[in-house]
Amino acid sequence: MFGSVGLYLLCAVLFLLLVYSRALLYRSWWFHPDGRVEVAKRLAEFRLKGYWMAVSEAGALPFYSGWNAVDTWGLNDPWIVRHGVVTQEYLDRYRPHVIMFHAYFSPVAPASSERRASRDPHILRWEQMLDTLMQYAERRGYILAAVYGETPYDTHYYYVRPDFPDAAAIVQRIRSTRYIWYQTGHPCINYALLEPKAPPKEP
């Protein structure tokens, strides 16, 4: 009997040590402010308007803003789970007032050829989702409110639909956020407000 109890105690201690070691390893992710939370808190002012957002990471933004949300990656959306990927036609059902997605490019830095050429199905599906969201926003005249990132190669895009009464106010709320990158705690640059780099001239 004592041997069984001792074994259980040993397993419990080892489990707690594992949890503690992982907490030390990832503590920077747990304790830094998150710019997405700050944007969401600003958008919460409009929570009673019935507005919709489409987001690639349906967590902090819908939760803290109180908005309706389409999870474009599909973890919380049965239609996308069933069809495998979000489409522009599906987005048209909701005509989201805000579109947000996590990208690996910016207006001043194009997507890497390595990601585009990847054979990883997860990466390919993510890139397909980003293409759909960006094309949807740009073809319908959305305002590019912000592209926040610590570097231009890992960013959060925010588009705002221009044709509803609070559009200008929401753009202003997003652009005036002190945006902190969730992994490092460092302040971000809004790359949407920078001039894109000109392509190199031919010799």
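The values are calculated or read from the model by the stated rules, or taken from the named source; none is laboratory data. This is a predicted model, so every value here is computed, not measured. Methodologically, a virtual Cβ is constructed for each residue, glycine included, from the backbone with ideal geometry; neighbour enumeration extends over all protein chains shown.
Name every residue in region 149-191 that is out of contact with any His (no Cβ under 9 Å at 6 or more places or on another chain), farther than 23 Å from residue 67 by Cα and not in a loop (DSSP other than H, G, I, E, B), in order of residue number. Within region 149-191, 151, 187, 189, 190, 191 qualify. For residue 108, the conditions (1) hydrophobic (A, V, I, L, M, F, W, C); (2) surrounded by fewer than 13 Cβ atoms within 10 Å (Cβ to Cβ); (3) more than 23 Å from residue 50 (Cβ to Cβ) all hold with the exception of (2).
Determine if region 74-93 includes at least one residue that is under 19 Å from residue 136 (Cα atoms), free of Cβ contacts under 8 Å to residues at least 24 places away in the same chain and under 14 Å from the mean Cα position of the chain (by Cα). So far as region 74-93 goes, yes, one or more of its residues are under 19 Å from residue 136 (Cα atoms), free of Cβ contacts under 8 Å to residues at least 24 places away in the same chain and under 14 Å from the mean Cα position of the chain (by Cα).
Give the residue that is farthest from the chain's Cα centre (by Cα), with candidates limited to residues of region 40-58 that are of a type in the set (Phe, Trp, Tyr) and under 19 Å from residue 72 (Cβ atoms). Among those residues, the one meeting the criterion is 51. Scanning region 133-148 for residues that are among the hydroxyl-bearing types (Ser, Thr, Tyr) and either surrounded by fewer than 19 Cβ atoms within 10 Å (Cβ to Cβ) or in a loop (DSSP other than H, G, I, E, B) (or both) yields a single hit, 142.
Taking the numbered list (1) loosely packed, with under 14 Cβ neighbours inside 10 Å; (2) of a type outside the set (Asp, Glu); (3) closer than 25 Å to residue 160 by Cα; (4) at pLDDT 90 or above in turn, residue 82 passes all entries but (3).
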